[in-house]
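Before any comments, here is the structure.
The values are calculated or read from the model by the stated rules, or taken from the named source; none is laboratory data. Keep in mind that this is a model prediction, so the values were computed, not measured. In this analysis, Cβ positions are derived from the backbone assuming ideal geometry, glycine residues included, and neighbour counts consider all displayed protein chains. In case anyone asks, the SASA skips ligands and DNA or RNA and just uses the protein heavy atoms, side chains included. Shrake-Rupley method; radii C 1.70, N 1.55, O 1.52, S 1.80 Å.
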Amino acid sequence: MTAGSSHSNPAPTRGDEAPAWHLPFWIAHRGAGRRAPENTLAAFRLGASHGYTAFECDVKRSADGELFLLHDDTLARTTNGGEQVAGERSWDALSRLDAGSWHSPGFAGEPIPRLDGIAAACRANGWGLNIEIKPTPGDERETGLAVAKAVRRLWAGSATLPLLSSFRPDALAAAQAAAPELPRGLLLDTLWDGWQEVADRLAVVAVVTNHRVMDRALAMELHARRRRALCYTVNEPVDAYRLIDLGIDGLITDEVQRFAPGRQDPRLAA
Ligand code: G3P
Ligand code: MG
């Protein structure tokens, strides 16, 4: 695997310094959503109980424009809403669903959170946030626009703005147009042709890859361009060790009980 070498003229996004960065090394995935129902406030609380201070979550838009947390396009896997497309439902309908029972009886009745509720929890607790813009197919630009506008409002006056990331460049472009000051990250499951040009155009401060595609050359390339190099979803110590040795800047994990977030290197974990 090569990291791609089409860039011979690194162009830092802001002077000679890397852009401001507010996320710690360890980030809990979907709000620590393996031992609690993913993308719920209960999952954030579980992650926090293990010492995590930063969280990734997936955000999409309801039919009437509310922003809420959910990973899948449909409601079936993580709610009692069946096979309906979540983004085609009103917030009123979504707000009545049970997003906890699928996981285990102790979480029965856990609601789907809205982004404004998560923002309040993050600001009250000093948590960092990585918002993955996860649009319903066809709603990429509207979702990117809505997330950027909401984040600008919900984090007004905060020194620690969320990182907005997406696999969808069109969603990030809409966010960039609406609120260019918000930090953006490009998610890459593979190193598709032209990703570097897209990252430049979107002026991303981070590239977040599937951990399997990160190597030393890619980490060095990103750092040379003043970008953070992060990986998802890292749940095995052997993968974490490899990535830490590459000098990457952050790991997104489900395993909040396995990796101690206060220590970058899990080999040092108590
Ligand atoms: O944001 C990183 C990671 O969450 C991307 O994959 O499918 O878990 O949302 P996924
Ligand atoms: Mg995600």
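Points to keep in mind about this one:
- Candidates A146, A199: the one that is touching a Lys or Arg at 6+ places or on another chain (Cβ under 9 Å), outside any loop (DSSP other than H, G, I, E, B) and within 22 Å of A217 (Cβ to Cβ) is A199.
- Looking only at the stretch 241-258, residues that are within 16 Å of ligand 1 (Cβ to nearest atom) and either surrounded by fewer than 17 Cβ atoms within 10 Å (Cβ to Cβ) or outside any strand (DSSP E or B) (or both) come to 6 in all.
Rundown of residues vs (1) more than 16 Å from ligand 2 (Cβ to nearest atom); (2) farther than 25 Å from G117 by Cβ, yes/no style:
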| position | (1), (2) |
| --- | --- |
| A148 | yes, no |
| G157 | yes, no |
| F167 | no, no |
| L172 | no, no |
| Q176 | yes, yes |
| R184 | no, no |
| D193 | yes, yes |
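- Picking from residues in the stretch 183-240 that are farther than 24 Å from A260 by Cβ and acidic (D, E), the one that is most open to solvent (accessible area, probe 1.4 Å) is D193.
- Condition check for R168: out of contact with any Gly (no Cβ under 7 Å at 6 or more places or on another chain) and open to solvent by 40 Å² or more (accessible area, probe 1.4 Å): yes
- Residue count for the stretch 111-140 satisfying the condition of being over 19 Å from A48 (Cα atoms), assigned to a loop (DSSP other than H, G, I, E, B) and open to solvent by less than 60 Å² (accessible area, probe 1.4 Å): 4.
- The number of residues in the stretch 140-171 that are more than 16 Å from ligand 1 (Cβ to nearest atom) and over 22 Å from A28 (Cβ atoms) comes to 11.
- Matching residues in the stretch 172-196 - criterion: being within 13 Å of ligand 1 (Cβ to nearest atom) and part of a helix (DSSP H, G or I): L172
- Between L145, L129, the distinction of being out of contact with any Ser or Thr (no Cβ under 9 Å at 6 or more places or on another chain) and among the hydrophobic types (A, V, I, L, M, F, W, C) belongs to L145 only.
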